[in-house]
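Here the structure is laid out as C-alpha coordinates; the discussion comes afterwards.
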Amino acid sequence: MIELIQQLIRPGPAVKLAQQIEGLVREGRIAPEALLPPVREVARALRVSPGTAAAAYKALRAQGVVITDGRRGTRVLPRTSQHDYAEVPAPPGTVDLQVANPDPRLLPDLRRIFAKVRAGSDVYGGSHFDEDLLRRMRAAFEADGIDGSHLVVMSGAIAAIYRALRACLGAGEKVAVEDPGFNEHHACVRAHSMVPVPVAVDEQGPMPEALSAALRGGARAAILTPRFQNPIGAAFSRARAADLRGVLAEHPDVAVFIDDYASLLSEAPYNDCLGGGRARWLVVRSLNKVISPELRVAVAAADAETADRLRKEQWLADGWISGYRQRAAAAALASRSVHSLVTRARKAYAERRSGLRRALARRGIEAQGATGLNLWVPVADEAEAVRGLLDRGWCVRAGARYRLRSAPAIRITIATLLPERAERLADDLRGVLGPGPGGRGP
(Lines give C-alpha, C1' and ligand atoms only; values in the text may rest on other atoms or scores of the structure.)
Protein backbone atom coordinates (compact mmCIF):
# COMPACT_ATOMS: atom_id res chain seq x y z
CA MET A 1 0.00 0.00 0.00
CA ILE A 2 2.73 2.50 0.90
CA GLU A 3 4.48 1.79 -2.43
CA LEU A 4 1.24 2.57 -4.28
CA ILE A 5 0.86 5.85 -2.41
CA GLN A 6 4.48 6.77 -3.09
CA GLN A 7 4.13 6.06 -6.82
CA LEU A 8 0.76 7.69 -7.49
CA ILE A 9 0.43 10.56 -5.03
CA ARG A 10 2.32 13.82 -5.35
CA PRO A 11 3.28 15.76 -2.21
CA GLY A 12 1.18 18.81 -1.49
CA PRO A 13 -1.15 20.40 1.06
CA ALA A 14 -3.61 18.26 3.01
CA VAL A 15 -6.57 18.99 0.73
CA LYS A 16 -4.60 17.83 -2.35
CA LEU A 17 -3.44 14.66 -0.60
CA ALA A 18 -7.03 13.86 0.40
CA GLN A 19 -8.27 14.43 -3.17
CA GLN A 20 -5.61 12.11 -4.60
CA ILE A 21 -6.32 9.32 -2.10
CA GLU A 22 -10.05 9.64 -2.73
CA GLY A 23 -9.34 9.38 -6.47
CA LEU A 24 -7.47 6.10 -5.94
CA VAL A 25 -10.41 4.76 -3.93
CA ARG A 26 -12.93 5.85 -6.58
CA GLU A 27 -10.88 4.21 -9.35
CA GLY A 28 -10.65 0.97 -7.38
CA ARG A 29 -6.86 1.09 -6.98
CA ILE A 30 -7.39 1.16 -3.23
CA ALA A 31 -10.02 -1.45 -2.43
CA PRO A 32 -12.90 -1.14 0.04
CA GLU A 33 -11.92 -2.28 3.55
CA ALA A 34 -8.22 -1.74 2.71
CA LEU A 35 -6.13 -0.56 5.65
CA LEU A 36 -4.29 2.70 4.95
CA PRO A 37 -0.74 3.17 6.25
CA PRO A 38 -0.26 5.06 9.53
CA VAL A 39 -0.04 8.85 9.34
CA ARG A 40 3.69 9.00 10.11
CA GLU A 41 4.48 6.39 7.48
CA VAL A 42 2.58 8.37 4.84
CA ALA A 43 4.32 11.57 5.94
CA ARG A 44 7.77 10.00 5.56
CA ALA A 45 6.95 8.44 2.18
CA LEU A 46 5.60 11.68 0.71
CA ARG A 47 8.05 13.97 2.53
CA VAL A 48 5.32 16.04 4.15
CA SER A 49 4.82 16.88 7.80
CA PRO A 50 2.86 14.47 10.03
CA GLY A 51 0.39 17.31 10.59
CA THR A 52 -0.31 17.55 6.86
CA ALA A 53 -0.83 13.78 6.55
CA ALA A 54 -3.09 13.78 9.63
CA ALA A 55 -5.14 16.65 8.19
CA ALA A 56 -5.56 14.72 4.92
CA TYR A 57 -6.86 11.69 6.83
CA LYS A 58 -9.20 13.95 8.80
CA ALA A 59 -10.60 15.36 5.54
CA LEU A 60 -11.15 11.84 4.19
CA ARG A 61 -13.02 10.89 7.38
CA ALA A 62 -15.24 13.97 7.07
CA GLN A 63 -16.05 13.03 3.46
CA GLY A 64 -16.95 9.46 4.47
CA VAL A 65 -14.13 7.88 2.46
CA VAL A 66 -12.37 6.27 5.44
CA ILE A 67 -12.96 5.48 9.08
CA THR A 68 -10.38 5.48 11.88
CA ASP A 69 -10.98 2.93 14.62
CA GLY A 70 -8.40 3.55 17.32
CA ARG A 71 -5.51 1.10 17.27
CA ARG A 72 -7.10 -0.80 14.41
CA GLY A 73 -6.07 2.02 12.11
CA THR A 74 -7.71 3.79 9.19
CA ARG A 75 -9.53 1.77 6.55
CA VAL A 76 -11.50 2.52 3.41
CA LEU A 77 -15.28 2.42 3.69
CA PRO A 78 -17.31 0.42 1.14
CA ARG A 79 -18.93 2.56 -1.54
CA THR A 80 -22.58 2.19 -2.52
CA SER A 81 -22.85 0.33 -5.84
CA GLN A 82 -25.65 0.00 -8.35
CA HIS A 83 -25.98 -3.64 -7.22
CA ASP A 84 -27.45 -2.36 -3.95
CA TYR A 85 -30.58 -1.00 -5.63
CA ALA A 86 -30.74 -2.08 -9.29
CA GLU A 87 -33.53 -4.43 -10.38
CA VAL A 88 -32.89 -6.89 -13.21
CA PRO A 89 -36.09 -7.94 -15.03
CA ALA A 90 -37.00 -11.62 -15.00
CA PRO A 91 -36.23 -13.35 -18.32
CA PRO A 92 -39.23 -13.74 -20.66
CA GLY A 93 -41.17 -16.93 -20.08
CA THR A 94 -40.20 -17.31 -16.42
CA VAL A 95 -42.33 -16.88 -13.30
CA ASP A 96 -41.06 -13.75 -11.54
CA LEU A 97 -40.63 -14.50 -7.84
CA GLN A 98 -37.75 -12.09 -7.27
CA VAL A 99 -39.36 -8.65 -6.80
CA ALA A 100 -41.62 -8.21 -3.75
CA ASN A 101 -44.30 -6.17 -5.51
CA PRO A 102 -47.85 -6.50 -4.17
CA ASP A 103 -50.27 -8.53 -6.25
CA PRO A 104 -52.07 -5.99 -8.53
CA ARG A 105 -55.27 -8.01 -8.06
CA LEU A 106 -55.14 -7.19 -4.35
CA LEU A 107 -54.71 -3.43 -4.74
CA PRO A 108 -57.62 -0.97 -4.74
CA ASP A 109 -58.74 0.81 -7.88
CA LEU A 110 -56.91 4.15 -7.84
CA ARG A 111 -59.47 5.71 -10.15
CA ARG A 112 -62.21 5.24 -7.56
CA ILE A 113 -60.01 6.62 -4.80
CA PHE A 114 -58.99 9.71 -6.75
CA ALA A 115 -62.58 10.27 -7.83
CA LYS A 116 -63.37 10.99 -4.17
CA VAL A 117 -60.51 13.43 -3.74
CA ARG A 118 -61.10 17.16 -3.76
CA ALA A 119 -59.36 18.77 -6.71
CA GLY A 120 -57.04 21.68 -6.10
CA SER A 121 -53.42 22.66 -5.86
CA ASP A 122 -51.30 23.45 -2.83
CA VAL A 123 -49.56 26.81 -2.70
CA TYR A 124 -46.28 27.98 -1.25
CA GLY A 125 -46.41 28.97 2.39
CA GLY A 126 -48.94 26.43 3.68
CA SER A 127 -48.35 23.56 6.10
CA HIS A 128 -48.54 21.02 3.23
CA PHE A 129 -49.93 18.32 5.53
CA ASP A 130 -53.39 16.86 5.05
CA GLU A 131 -55.01 17.03 8.47
CA ASP A 132 -57.33 14.09 7.82
CA LEU A 133 -54.37 11.86 6.90
CA LEU A 134 -52.42 12.98 9.97
CA ARG A 135 -55.41 12.45 12.25
CA ARG A 136 -55.92 8.88 11.04
CA MET A 137 -52.24 7.99 11.17
CA ARG A 138 -51.79 9.62 14.59
CA ALA A 139 -54.65 7.50 15.95
CA ALA A 140 -53.05 4.35 14.54
CA PHE A 141 -49.65 5.21 16.03
CA GLU A 142 -51.07 6.04 19.43
CA ALA A 143 -53.17 2.85 19.47
CA ASP A 144 -49.83 1.02 19.43
CA GLY A 145 -48.31 3.18 22.16
CA ILE A 146 -46.26 5.35 19.77
CA ASP A 147 -46.14 9.09 20.46
CA GLY A 148 -47.89 10.79 17.54
CA SER A 149 -47.15 14.37 18.56
CA HIS A 150 -44.67 15.00 15.74
CA LEU A 151 -45.56 13.55 12.32
CA VAL A 152 -43.85 13.97 8.97
CA VAL A 153 -45.25 12.93 5.58
CA MET A 154 -42.63 11.30 3.36
CA SER A 155 -42.61 9.55 -0.01
CA GLY A 156 -41.89 6.14 1.49
CA ALA A 157 -40.38 4.27 4.42
CA ILE A 158 -36.90 4.18 2.88
CA ALA A 159 -36.96 7.93 2.29
CA ALA A 160 -37.67 8.39 6.00
CA ILE A 161 -34.89 6.03 7.09
CA TYR A 162 -32.40 7.57 4.64
CA ARG A 163 -33.09 11.11 5.80
CA ALA A 164 -33.26 10.21 9.48
CA LEU A 165 -29.77 8.72 9.25
CA ARG A 166 -28.45 11.94 7.76
CA ALA A 167 -30.32 14.03 10.34
CA CYS A 168 -28.93 12.17 13.34
CA LEU A 169 -25.49 10.78 12.39
CA GLY A 170 -22.34 11.67 10.49
CA ALA A 171 -20.12 9.95 7.94
CA GLY A 172 -18.02 7.12 9.33
CA GLU A 173 -20.37 6.35 12.24
CA LYS A 174 -21.61 2.79 12.82
CA VAL A 175 -25.23 1.70 12.36
CA ALA A 176 -26.64 -1.62 13.59
CA VAL A 177 -28.62 -3.33 10.81
CA GLU A 178 -30.41 -6.65 10.55
CA ASP A 179 -28.51 -9.52 8.92
CA PRO A 180 -30.07 -10.83 6.81
CA GLY A 181 -31.93 -7.58 6.34
CA PHE A 182 -33.46 -5.27 3.77
CA ASN A 183 -30.81 -4.38 1.22
CA GLU A 184 -32.09 -0.80 1.01
CA HIS A 185 -31.43 -0.34 4.73
CA HIS A 186 -27.84 -1.43 4.12
CA ALA A 187 -27.63 0.83 1.04
CA CYS A 188 -28.93 3.84 3.02
CA VAL A 189 -26.17 3.38 5.56
CA ARG A 190 -23.46 3.03 2.91
CA ALA A 191 -24.80 5.94 0.87
CA HIS A 192 -24.03 8.22 3.82
CA SER A 193 -20.55 6.66 4.15
CA MET A 194 -21.61 5.12 7.44
CA VAL A 195 -20.64 1.61 8.53
CA PRO A 196 -23.29 -1.15 8.71
CA VAL A 197 -22.81 -3.44 11.72
CA PRO A 198 -24.60 -6.79 11.26
CA VAL A 199 -27.10 -7.99 13.86
CA ALA A 200 -28.20 -11.61 13.55
CA VAL A 201 -31.95 -12.19 13.09
CA ASP A 202 -34.30 -15.12 13.65
CA GLU A 203 -38.06 -15.34 13.08
CA GLN A 204 -38.74 -13.31 16.24
CA GLY A 205 -36.50 -10.43 15.13
CA PRO A 206 -32.97 -9.29 15.96
CA MET A 207 -31.13 -11.41 18.51
CA PRO A 208 -30.79 -9.34 21.72
CA GLU A 209 -27.21 -10.45 22.36
CA ALA A 210 -26.22 -9.52 18.79
CA LEU A 211 -27.83 -6.07 19.09
CA SER A 212 -26.13 -5.56 22.44
CA ALA A 213 -22.74 -6.46 20.93
CA ALA A 214 -23.27 -4.01 18.05
CA LEU A 215 -24.15 -1.17 20.41
CA ARG A 216 -21.29 -1.93 22.79
CA GLY A 217 -19.05 -1.92 19.72
CA GLY A 218 -19.90 1.69 18.97
CA ALA A 219 -23.04 1.67 16.80
CA ARG A 220 -24.73 5.06 17.18
CA ALA A 221 -28.03 4.02 15.57
CA ALA A 222 -30.08 0.91 14.85
CA ILE A 223 -32.54 0.17 12.03
CA LEU A 224 -35.11 -2.43 13.05
CA THR A 225 -38.15 -4.01 11.36
CA PRO A 226 -40.85 -5.09 13.84
CA ARG A 227 -42.84 -7.29 11.41
CA PHE A 228 -43.09 -8.19 7.72
CA GLN A 229 -39.28 -8.15 7.75
CA ASN A 230 -37.51 -8.43 4.43
CA PRO A 231 -36.13 -10.98 3.57
CA ILE A 232 -36.89 -13.56 6.31
CA GLY A 233 -40.32 -12.40 7.45
CA ALA A 234 -39.37 -11.90 11.10
CA ALA A 235 -41.94 -10.39 13.49
CA PHE A 236 -41.18 -9.29 17.03
CA SER A 237 -42.79 -11.53 19.61
CA ARG A 238 -43.87 -9.81 22.81
CA ALA A 239 -41.00 -11.45 24.70
CA ARG A 240 -38.41 -10.53 22.06
CA ALA A 241 -39.61 -6.90 21.99
CA ALA A 242 -39.22 -6.76 25.78
CA ASP A 243 -35.68 -8.16 25.52
CA LEU A 244 -34.78 -5.60 22.84
CA ARG A 245 -36.24 -2.81 24.98
CA GLY A 246 -33.93 -3.92 27.76
CA VAL A 247 -30.90 -3.81 25.47
CA LEU A 248 -31.81 -0.40 24.05
CA ALA A 249 -32.49 1.01 27.53
CA GLU A 250 -28.79 0.55 28.28
CA HIS A 251 -27.97 2.86 25.34
CA PRO A 252 -30.39 5.83 25.61
CA ASP A 253 -28.29 8.02 23.29
CA VAL A 254 -28.51 5.58 20.37
CA ALA A 255 -30.94 6.65 17.62
CA VAL A 256 -33.49 3.92 16.81
CA PHE A 257 -35.32 3.89 13.49
CA ILE A 258 -38.27 1.48 13.19
CA ASP A 259 -39.35 0.53 9.67
CA ASP A 260 -42.96 -0.61 10.12
CA TYR A 261 -43.60 -0.16 6.41
CA ALA A 262 -46.29 -2.84 6.09
CA SER A 263 -48.27 -2.15 9.26
CA LEU A 264 -51.60 -2.43 7.44
CA LEU A 265 -50.71 -5.71 5.72
CA SER A 266 -49.15 -7.65 8.57
CA GLU A 267 -51.19 -10.19 10.48
CA ALA A 268 -48.70 -9.87 13.36
CA PRO A 269 -49.35 -7.18 16.01
CA TYR A 270 -46.97 -4.30 16.65
CA ASN A 271 -44.78 -5.08 19.66
CA ASP A 272 -42.83 -2.06 20.84
CA CYS A 273 -39.07 -2.19 21.44
CA LEU A 274 -38.47 1.55 21.86
CA GLY A 275 -39.61 2.13 25.40
CA GLY A 276 -39.51 5.70 26.73
CA GLY A 277 -36.94 8.39 27.27
CA ARG A 278 -35.07 8.06 23.98
CA ALA A 279 -33.68 11.29 22.53
CA ARG A 280 -33.67 10.22 18.85
CA TRP A 281 -36.22 7.81 17.36
CA LEU A 282 -38.52 7.33 14.39
CA VAL A 283 -41.30 4.91 13.43
CA VAL A 284 -42.44 5.01 9.79
CA ARG A 285 -45.50 3.42 8.19
CA SER A 286 -46.12 3.37 4.46
CA LEU A 287 -49.26 3.15 2.33
CA ASN A 288 -47.41 2.15 -0.84
CA LYS A 289 -47.61 -1.64 -0.42
CA VAL A 290 -51.28 -1.39 0.51
CA ILE A 291 -52.75 1.13 -1.92
CA SER A 292 -50.22 1.38 -4.75
CA PRO A 293 -46.43 1.58 -5.14
CA GLU A 294 -47.18 4.67 -7.27
CA LEU A 295 -48.89 6.53 -4.42
CA ARG A 296 -45.59 7.39 -2.66
CA VAL A 297 -47.03 8.38 0.72
CA ALA A 298 -45.74 7.34 4.14
CA VAL A 299 -46.05 8.92 7.57
CA ALA A 300 -43.32 8.94 10.21
CA ALA A 301 -43.69 9.60 13.93
CA ALA A 302 -40.51 10.88 15.54
CA ASP A 303 -39.06 12.89 18.40
CA ALA A 304 -39.44 16.65 18.01
CA GLU A 305 -35.86 17.37 16.92
CA THR A 306 -35.67 14.56 14.35
CA ALA A 307 -39.08 15.51 12.93
CA ASP A 308 -37.99 19.13 12.61
CA ARG A 309 -34.78 18.19 10.82
CA LEU A 310 -36.69 15.93 8.42
CA ARG A 311 -39.14 18.70 7.57
CA LYS A 312 -36.37 21.23 6.95
CA GLU A 313 -34.42 18.89 4.67
CA GLN A 314 -37.58 17.88 2.82
CA TRP A 315 -38.43 21.54 2.24
CA LEU A 316 -35.00 22.19 0.73
CA ALA A 317 -34.92 19.01 -1.38
CA ASP A 318 -38.51 18.31 -2.46
CA GLY A 319 -40.69 21.02 -1.00
CA TRP A 320 -43.52 18.73 0.13
CA ILE A 321 -45.40 15.55 -0.66
CA SER A 322 -48.28 16.33 -3.02
CA GLY A 323 -51.40 17.33 -1.11
CA TYR A 324 -53.45 15.58 -3.78
CA ARG A 325 -51.72 12.28 -3.02
CA GLN A 326 -52.06 12.85 0.71
CA ARG A 327 -55.81 13.38 0.31
CA ALA A 328 -55.97 10.18 -1.77
CA ALA A 329 -54.21 8.30 1.03
CA ALA A 330 -56.65 9.67 3.59
CA ALA A 331 -59.59 8.73 1.35
CA ALA A 332 -58.25 5.19 1.08
CA LEU A 333 -57.92 4.91 4.86
CA ALA A 334 -61.52 6.11 5.22
CA SER A 335 -62.89 3.65 2.65
CA ARG A 336 -64.67 0.51 3.87
CA SER A 337 -64.11 -1.19 0.53
CA VAL A 338 -60.35 -0.54 0.75
CA HIS A 339 -60.23 -1.94 4.28
CA SER A 340 -62.13 -5.01 3.07
CA LEU A 341 -59.63 -5.49 0.24
CA VAL A 342 -56.68 -5.04 2.60
CA THR A 343 -58.13 -7.75 4.87
CA ARG A 344 -58.45 -10.01 1.85
CA ALA A 345 -54.86 -9.25 0.77
CA ARG A 346 -53.53 -9.92 4.28
CA LYS A 347 -55.24 -13.32 4.30
CA ALA A 348 -54.17 -14.19 0.74
CA TYR A 349 -50.48 -13.39 1.37
CA ALA A 350 -50.51 -15.42 4.58
CA GLU A 351 -52.07 -18.40 2.79
CA ARG A 352 -49.62 -18.22 -0.13
CA ARG A 353 -46.63 -17.95 2.20
CA SER A 354 -47.69 -20.74 4.54
CA GLY A 355 -48.77 -22.92 1.61
CA LEU A 356 -45.33 -22.81 0.00
CA ARG A 357 -43.62 -23.22 3.35
CA ARG A 358 -45.63 -26.39 4.05
CA ALA A 359 -44.90 -27.74 0.57
CA LEU A 360 -41.17 -27.18 1.11
CA ALA A 361 -41.30 -28.76 4.58
CA ARG A 362 -42.90 -31.90 3.16
CA ARG A 363 -39.84 -32.24 0.96
CA GLY A 364 -37.39 -31.65 3.79
CA ILE A 365 -36.53 -28.06 2.81
CA GLU A 366 -36.16 -25.53 5.62
CA ALA A 367 -37.64 -22.06 5.03
CA GLN A 368 -38.18 -18.96 7.16
CA GLY A 369 -41.14 -16.64 6.73
CA ALA A 370 -43.45 -16.03 9.68
CA THR A 371 -44.84 -12.87 8.04
CA GLY A 372 -44.22 -10.86 4.89
CA LEU A 373 -44.12 -11.43 1.15
CA ASN A 374 -41.08 -13.73 1.03
CA LEU A 375 -39.61 -17.04 2.11
CA TRP A 376 -35.91 -17.29 2.97
CA VAL A 377 -34.45 -20.68 2.05
CA PRO A 378 -30.91 -21.60 3.20
CA VAL A 379 -28.81 -23.18 0.43
CA ALA A 380 -25.22 -24.31 0.05
CA ASP A 381 -24.65 -22.36 -3.18
CA GLU A 382 -26.84 -19.35 -4.05
CA ALA A 383 -25.77 -19.06 -7.68
CA GLU A 384 -26.35 -22.75 -8.34
CA ALA A 385 -29.81 -22.66 -6.73
CA VAL A 386 -30.88 -19.53 -8.64
CA ARG A 387 -29.54 -20.91 -11.93
CA GLY A 388 -31.19 -24.31 -11.37
CA LEU A 389 -34.59 -22.78 -10.71
CA LEU A 390 -34.21 -20.44 -13.68
CA ASP A 391 -33.63 -23.47 -15.91
CA ARG A 392 -36.96 -24.78 -14.62
CA GLY A 393 -38.81 -21.50 -15.29
CA TRP A 394 -38.64 -19.81 -11.86
CA CYS A 395 -36.85 -16.50 -11.29
CA VAL A 396 -35.87 -16.09 -7.62
CA ARG A 397 -33.26 -13.89 -5.99
CA ALA A 398 -29.87 -14.80 -4.55
CA GLY A 399 -29.66 -13.81 -0.90
CA ALA A 400 -26.26 -12.10 -1.21
CA ARG A 401 -27.69 -8.58 -1.49
CA TYR A 402 -29.47 -9.03 1.87
CA ARG A 403 -26.55 -10.56 3.76
CA LEU A 404 -23.51 -9.16 5.52
CA ARG A 405 -22.20 -12.15 7.48
CA SER A 406 -25.16 -14.52 7.54
CA ALA A 407 -25.21 -17.84 5.66
CA PRO A 408 -26.16 -18.24 1.97
CA ALA A 409 -29.84 -18.46 1.04
CA ILE A 410 -32.31 -17.59 -1.69
CA ARG A 411 -35.33 -15.32 -1.38
CA ILE A 412 -38.62 -16.47 -2.93
CA THR A 413 -41.38 -13.85 -3.21
CA ILE A 414 -44.87 -15.32 -2.72
CA ALA A 415 -46.96 -12.23 -3.51
CA THR A 416 -48.34 -13.59 -6.79
CA LEU A 417 -47.63 -17.32 -6.24
CA LEU A 418 -50.99 -19.06 -6.38
CA PRO A 419 -51.40 -22.28 -4.32
CA GLU A 420 -51.61 -24.57 -7.35
CA ARG A 421 -48.08 -23.56 -8.37
CA ALA A 422 -46.51 -24.05 -4.93
CA GLU A 423 -46.25 -27.83 -5.21
CA ARG A 424 -44.44 -27.70 -8.56
CA LEU A 425 -42.04 -25.02 -7.26
CA ALA A 426 -41.29 -27.15 -4.20
CA ASP A 427 -40.62 -30.19 -6.42
CA ASP A 428 -38.32 -28.17 -8.65
CA LEU A 429 -36.40 -26.71 -5.71
CA ARG A 430 -35.97 -30.17 -4.23
CA GLY A 431 -34.56 -31.30 -7.57
CA VAL A 432 -32.18 -28.36 -7.72
CA LEU A 433 -30.92 -28.81 -4.15
CA GLY A 434 -30.45 -32.53 -4.42
CA PRO A 435 -30.56 -34.91 -1.43
CA GLY A 436 -30.27 -33.65 2.14
CA PRO A 437 -31.76 -30.66 3.97
CA GLY A 438 -29.37 -28.09 2.50
CA GLY A 439 -28.76 -29.69 -0.87
CA ARG A 440 -25.30 -30.44 -2.19
CA GLY A 441 -22.12 -29.53 -0.43
CA PRO A 442 -21.13 -29.25 3.22
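The values are calculated or read from the model by the stated rules, or taken from the named source; none is laboratory data. As the structure is a computational prediction, the values presented were derived from the model and not from experiment. When we count neighbours, we look across all protein chains shown, and the Cβ atoms used for this are built from the backbone with ideal geometry, even at glycine. These area figures cover heavy atoms from the full protein model, side chains too; ligands, DNA and RNA do not enter into them. Shrake-Rupley method; radii C 1.70, N 1.55, O 1.52, S 1.80 Å.
General remarks:
- Accessible-area composition of the stretch 316-442, carbon plus sulfur, in percent [1.4 Å probe]: 53 percent
- Dipole moment magnitude, nearest 20 debye, the chain about Cα centre, only Lys, Arg, Asp, Glu C-beta charged: 400 debye
- Prolate/oblate/rounded label for the stretch 1-74 (Cα gyration tensor, a/c 1.5): rounded
- Global form of the stretch 159-198, assessed from the alpha-carbon gyration tensor, a/c cut-off 1.5: oblate
- Taking 0.36 nm per residue of separation and subtracting the current Cα-Cα distance, fully stretching the chain between Glu203 and Ala139 would add 20.2 nm.
- When the chain is described by a simple charge dipole with +1 on each Lys and Arg Cβ and -1 on each Asp and Glu Cβ, the residue from Pro13, Pro32, Ile365 located farthest towards its positive end is Pro13.
- Magnitude of the charge dipole, the stretch 1-121, Cβ model with Lys/Arg +1 and Asp/Glu -1, debye to 20: 580 debye
- 1.4 Å probe accessible area per residue over the chain, in Å²: 45 Å²
- Sorting the segments 329-341, 135-147 by their residues' average number of neighbouring beta-carbon atoms within 10 angstrom, most packed first, yields 329-341, 135-147.
- Residue-wise HN-Hα coupling along the stretch 260-275, computed from phi with Karplus coefficients 6.51, -1.76, 1.60 (Hz; x: Gly, Pro): 9, 4, 10, 4, 6, 9, 6, 7, 7, x, 7, 10, 7, 10, 6, x
- Accessible carbon and sulfur surface of the stretch 173-247 relative to its total accessible area, %, 1.4 Å: 48 percent
- Debye-formula intensities of the stretch 181-232, expressed as log10 I(q)/I(0) at q = 0.15, 0.18 Å⁻¹, are -0.40, -0.58 (one equal scatterer per alpha-carbon, no solvent).
- Charge-dipole axis of the chain as Lys and Arg at +1 and Asp and Glu at -1 on Cβ define it, positive-most pick from Pro226, Ala139, Ala332: Ala332
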